[in-house]
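The values are calculated or read from the model by the stated rules, or taken from the named source; none is laboratory data. Quick caveat, the model's predicted, so the values are computed rather than measured. As a convention, Cβ positions derive from the backbone with ideal geometry for all residues, glycine included, and neighbour counts pool all protein chains shown. In case anyone asks, the SASA skips ligands and DNA or RNA and just uses the protein heavy atoms, side chains included. Shrake-Rupley method; radii C 1.70, N 1.55, O 1.52, S 1.80 Å.
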Amino acid sequence: LDESVKLIEQSASLQGIDVTEAETKKEIQDQALTTLINNALILSSAKKAGFTAQPDVVQAKYDELLMQIGGTEELAKRMTEVGLTEEKLRSNIAERVLADQFIESETPIKTLTVSEEEIATLYETVKAQNPDVPTLAEVRAQIGDQILSEKQQQVVADLIEKLRKEGSIV
């Protein structure tokens, strides 16, 4: 829980949110607890379904993270900031691999698509609120990515809701 709280606080701080306010602290605690419960439900279900995180896949994800962050030194710095060890990071990656396998097996997440109509509709909505937005051609890819991300989040939220109904949370 403490690790989750630190990660959420760090993210919130980067967004300019004052994480010292009592109400914000409570919201962060609640969000961290909800995230932990959701992850536990997914991981438990993944293990029951027989999924495993292969070491080579975990290593590949670790290497990918190293590249994204900018190397070993930068990763070490960021892990220190949130109190994360390399062992715990690798464990977190393995859990993410398990969760992804389970989500992919239980949902249509890999086959979701975004239509031109959906992109145009969202663009027109945004443009109505802010006439100075770039042209549709300039932001088409970003809008498509945003819509796809929202659809993926909804699919995962629906799966978690199903698992919460079926599961036992103590």
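Results, tabulated for the structure shown:
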{"quantity": "Test: residue 155 is open to solvent by less than 40 Å² (accessible area, probe 1.4 Å) and either of a type in the set (Phe, Trp, Tyr) or within 17 Å of the chain's Cα centre (by Cα) (or both)", "calculated": "yes"}
{"quantity": "Extreme residue, nearest to residue 119 (Cα to Cα), among residues of segment 134-152 that are among the charged types (D, E, K, R), under 18 Å from the mean Cα position of the chain (by Cα) and open to solvent by 80 Å² or more (accessible area, probe 1.4 Å)", "calculated": "145"}
{"quantity": "Residue count for segment 99-133, restricted to those that are crowded, with 17+ Cβ neighbours inside 10 Å and either touching a Lys or Arg at 6+ places or on another chain (Cβ under 7 Å) or aromatic (Phe, Trp, Tyr) (or both)", "calculated": "3"}
{"quantity": "Any hit, segment 26-33, residues being more than 18 Å from the chain's Cα centre (by Cα) and loosely packed, with under 14 Cβ neighbours inside 10 Å", "calculated": "yes"}
{"quantity": "Filter result for residue 147 (more than 30 Å from residue 59 (Cα to Cα), β-branched (Val, Ile, Thr) and touching a residue at least 24 places away in the same chain (Cβ under 8 Å))", "calculated": "yes"}
{"quantity": "Helices (runs of 4 or more DSSP H) wholly inside segment 1-111 containing at least 1 residues that are polar (S, T, N, Q) and over 30 Å from residue 166 (Cα atoms)", "calculated": "2-14, 22-48, 55-69, 72-82"}
{"quantity": "Tally of residues being touching a residue at least 60 places away in the same chain (Cβ under 8 Å) and surrounded by 10 or more Cβ atoms within 10 Å (Cβ to Cβ) across segment 158-170", "calculated": "5"}
